[in-house]
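FYI, it's all coordinate maths here, none of it is from the lab. This one's a predicted model, so the numbers in the text were calculated from it and none came from an experiment. All Cβ positions, even for glycine, are placed from backbone atoms using ideal geometry, and neighbour counts span all protein chains on display.
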Ligand code: NDP
């Protein structure tokens, strides 16, 4: 038997709680992993609370990511004792996930843990941090280099935002952090933000074109914030959009695209190919300041995960929540 955060939906309603389950409860897959750490991402909050229909199979172990050690493998690429990390692929949505002491998954979904990262650090990064890296890589492919100008990061206190600030500042960019929690300015400056602005500057309906402020943008917020970020991006600049914390809508005009030639990159972490994932994890292992990563990380136990799911949707979580499932 092992412990898992089980999501159930039946005539008694939608509920999540920690239960003892056995290996027979695990779905099919070539690799059995002894999970060491998982995390609480925004999507985990949606799954745990049922606020959005992200879970599509019941009962299901929550957790869209995990890091751990291979316990059994039917795939030549992974052997017992290998350290692995998993993000996405519908795990924690349609396939039982990482908020559990064991997970069984397809070998294709696993990434070998890069040298230099512990399983705890991998989950301090988690899906949010790996997505922040995907955003940075998209901006770099666009041609962004340090010194080109201010880079805006929205949702700054969140998981994606905190890691994006840490990465970009560490790479030498001048980062402007947009937040609704300006009282956390010292924390954001500690991560490397050169300037902190109130998200109210960006979150209300704005003009089709604004003053050219940003060389590039990492946006985890969507809605008017994303529209205004595009309207304020400098000629030829780029915006990487990965989230919807403000809203799923995108009330924008084509003006920044056709008059300033800006580019909007859509970032998906869930179905990203291994050829995209592996370099992202390698770059995280190489470029992320681990002392700063530690500063954005709070560790909780599996028993705290249900409350944490509510907290993250309410915008009460700062940085990253790592879950020690053992
Ligand atoms: P968090 O909850 O940790 O961060 C979201 C942040 O957004 C909050 O901390 C807050 O920052 C800001 N925010 C919250 N509500 C609002 C609002 N109404 N208006 C403006 N800003 C708001 O979540 P994550 O960092 O884990 O995820 C961020 C987003 O990215 C989510 O929408 C998530 O679904 C998405 N995501 C997408 C992925 C993909 O593959 N595309 C992968 C991972 C995440 P502050 O308090 O500083 O204002």
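Some notes on this structure:
- Contact order relative to length of the chain, as percent, for alpha carbon pairs under 8 angstrom and 6 or more apart: 20 percent
- Contour minus Cα-Cα distance for residue 82 and residue 275 (0.36 nm per residue): 67.5 nm
- Measuring r between the beta carbons of residue 58 and residue 22 and using R0 = 22 Å, the FRET efficiency lands at 0.80.
- Each residue, residue 150 and residue 316, gets one label point 7 Å from its Cα in the Cβ direction; the gap between the two is 3.2 nm.
- Peptides 163-173, 303-313 ranked from most to least packed, by the mean per-residue count of other Cβ atoms within 10 Å: 163-173, 303-313.
- Order of 153, 239 under a 10 Å beta carbon neighbour criterion, fewest first: 239, 153
- DSSP beta bridges fully contained in segment 56-195 are about 55 percent antiparallel.
- A full extension of the chain between residue 200 and residue 259 corresponds to an added length of 18.7 nm, given 0.36 nm per residue minus the alpha carbon distance.
- Relative contact order, percent, segment 208-326 [alpha-carbon distance under 8 Å, six or more residues apart]: 20 percent
- Among beta bridges from DSSP that stay inside the chain, the antiparallel ones total about 55%.
- The calculated FRET efficiency for the pair residue 118 and residue 299, based on their C-beta separation and a Förster distance of 22 Å, comes to about 0.95.
- Packing-based ranking, highest mean first, of 284-293, 30-39, 10-19 given that Cβ atoms within 10 Å are counted: 30-39, 284-293, 10-19
- In this rough spin-label picture, where each label sits 7 Å from Cα along the Cβ direction, the residue 8-residue 212 distance is 6.0 nm.
- If R0 is taken as 45 Å, the Cβ-Cβ distance between residue 72 and residue 250 corresponds to a FRET efficiency of 0.50.
- 222 nm mean residue ellipticity, helices alone, for the chain (DSSP H n ≥ 4; -39,500 (n - 2.57); rounded to 500): -9000 deg cm²/dmol
- The long axis of helix 119-142 is offset from the longest Cα principal axis of the chain by roughly 40 degrees.
- Measuring nothing but how far apart in sequence close Cα pairs (under 8 Å, 6+ apart) lie, relative to its length, segment 193-268 scores a relative contact order of 31 percent.
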